[in-house]
Amino acid sequence: MAAVELNVDVPHSARIYDYLLGGKDNYSADRNAAAAIVKASPSLPESMRVNRRYMVRAARYLAKERGIRQFLDIGTGIPTSPNLHEVVQQVAPQSRVVYVDNDPIVLVHARALLNTVPEGAITYIDADLRDVQAILSADELTGTLDLTQPVAVSVIAIFQFIVNEDEAYRIIDALMAPLPAGSALAISTVTAHNPQALSAAQEYTARGIPAKARTNEEVQALFRGLDLVEPGVTLVHRWRPDDEDADVDDAHVQMSGGVAIKTG
Ligand SMILES: C[S@@+](CC[C@H](N)C(=O)[O-])C[C@H]1O[C@@H](n2cnc3c(N)ncnc32)[C@H](O)[C@@H]1O
């Protein structure tokens, strides 16, 4: 692998997230930014853990209840167990997963993401969500996913960094258009209905990481043209919750999301 420029003097969202989830792949610029953000938004670490559990439930639902065997996960983050492939390959070992992130620290750890069971396949693409054509035409993707069969696209905790609605629609349309009926889209993103989430978005923005909190209507609009499955767009701990999420306080959850199916 070519040398990777980590740019450690500047905070990165993947490393702030890693730090707040208790990981070790972060630098003092990330930890300082995280401390300031948490001061303004104390429930953020809990909200991140709740979001991570939502990713697990959404991925398991798509593999188990919808029978999807191909996954395109964009904004993967630094490996954090369980990673999406571990969830879906536990349901169906033949599951094939393409991971995408644009942060060099994730690239450094990509090998940990590529640990597939022999029946399945996993690959990693170093690319930007905004360049959908580069993702869809990458050899790693076309060699791993069969785009004539359903694919679940998961964009978990990344759309808050796409602050323009038209750009968000363009990205989602470009991702979903080539996929066949039965494909799915899973989203979580920062909610505007929690004052601490609004503060967190402002604090990220102030540190050079533009971020946006969305209303429920704005999150629903990201799914336009697709069929939202029950319970629709909710705070993430309320989306098909496990026992673990039963006692989570709404006021501590800064993310909303949902899962939708392409029917036409
Ligand atoms: C908050 S983390 C979420 C990680 C994981 N999806 C989860 O929910 O646990 C956001 C991730 O999105 C990545 N990211 C942000 N903007 C991106 C972009 N434009 N293209 C690709 N990845 C991006 C960051 O590098 C980071 O790893």
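Values in this text are rule-based calculations from the coordinates and carry no lab data. If you're wondering where the values come from, they're calculated on a predicted model, not measured in any experiment. In this analysis, Cβ positions are derived from the backbone assuming ideal geometry, glycine residues included, and neighbour counts consider all displayed protein chains.
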Given points 7 Å out from each Cα along the Cα-Cβ axis, report the Thr142 to Arg31 separation in nanometres with one decimal. 4.5
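Would the stretch 178-264 count as rounded, prolate or oblate if I go by the C-alpha gyration tensor, calling it rounded below 1.5 in a/c and otherwise prolate when a/b exceeds b/c, oblate otherwise? Could you put the intermediate results ahead of the total?
Details: a/c = 2.61, a/b = 1.37, b/c = 1.90.
Judged from the Cα gyration tensor, the stretch 178-264 comes out oblate (a/c at least 1.5, b/c at or above a/b).
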In the stretch 35-110, how does Rg compare with the Kirkwood Rh, expressed as the Rg/Rh ratio over alpha carbon atoms? 1.04
Can you order the peptides 31-43, 8-20 by their average number of other Cβ atoms within 10 Å per residue, highest first? 8-20, 31-43
What residues of the stretch 22-53 lie in the reach of a label at Leu6, counting those whose backbone N is under 15 Å from a point 7 Å from the Cα along Cα→Cβ? 23-32
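Taking a cut-off of 34 Å, what percent of all Cα-Cα pairs in the chain are separated by more than that?
Working: 3682 of 34716 pairs.
I get 11 percent for the Cα pairs in the chain exceeding 34 Å.
Gly182: net charge of surrounding residues, Cβ under 12 Å, Lys/Arg +1, Asp/Glu -1, itself excluded? Walk me through the numbers before you get to the answer.
Details: positive: Arg66, Arg69, Lys262; negative: Asp227.
Charge balance in the 12 Å sphere: +2.
In the neighborhood of Glu230, defined by Cβ-to-Cβ distances under 14 Å, what is the net charge if each Lys or Arg adds +1 and each Asp or Glu adds -1?
Numbers: positive: Arg57, Arg66, Arg238, Arg240; negative: Glu65, Asp227.
Within the 14 Å Cβ shell, the charges total +2.
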Centroid-to-centroid separation of the stretch 50-81 and the stretch 1-20 [C-alpha atoms, Å]: 23
Expected vector for the stretch 121-128, Karplus 3J(HN,Hα) from phi with 6.51, -1.76, 1.60 and θ = phi - 60°, integer Hz, x for Gly and Pro, equals 8, 9, 9, 10, 10, 8, 8, 9
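Taking every pair of alpha-carbon atoms in the stretch 1-149, give the share separated by more than 26 Å as a whole percent. Please report the intermediate quantities before stating the final value.
Values: 3134 of 11026 pairs.
Across the stretch 1-149, Cα pairs with separations above 26 Å total 28 percent.
What 222 nm value per residue comes from the helices of the chain, counting each DSSP H run with n ≥ 4 as -39,500 (n - 2.57) and dividing by all residues, nearest 500 deg cm²/dmol?
Details: 11 runs with 100 residues, N = 264.
So the calculated ellipticity at 222 nm is -10500 deg cm²/dmol.
Just need the relative contact order of the chain here, percent rounded to a whole number, with Cα pairs under 8 Å and 6+ apart. Please report the intermediate quantities before stating the final value.
On the way: 509 pairs, mean separation 51.1, N = 264.
So the answer I get is 19 percent.
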Under 19 Å from a point 7 Å along the Cα-to-Cβ line of Glu65: which residues of the stretch 183-207 have their amide N that close? 183-189
From the phi of every residue in the stretch 93-109, what ³J(HN,Hα) in whole Hz does the Karplus formula 6.51 cos²θ - 1.76 cosθ + 1.60 yield, where θ is phi - 60° and glycine or proline is x? x, 6, 4, 10, 10, 10, 9, 9, 8, 10, 9, x, 5, 5, 4, 4, 9
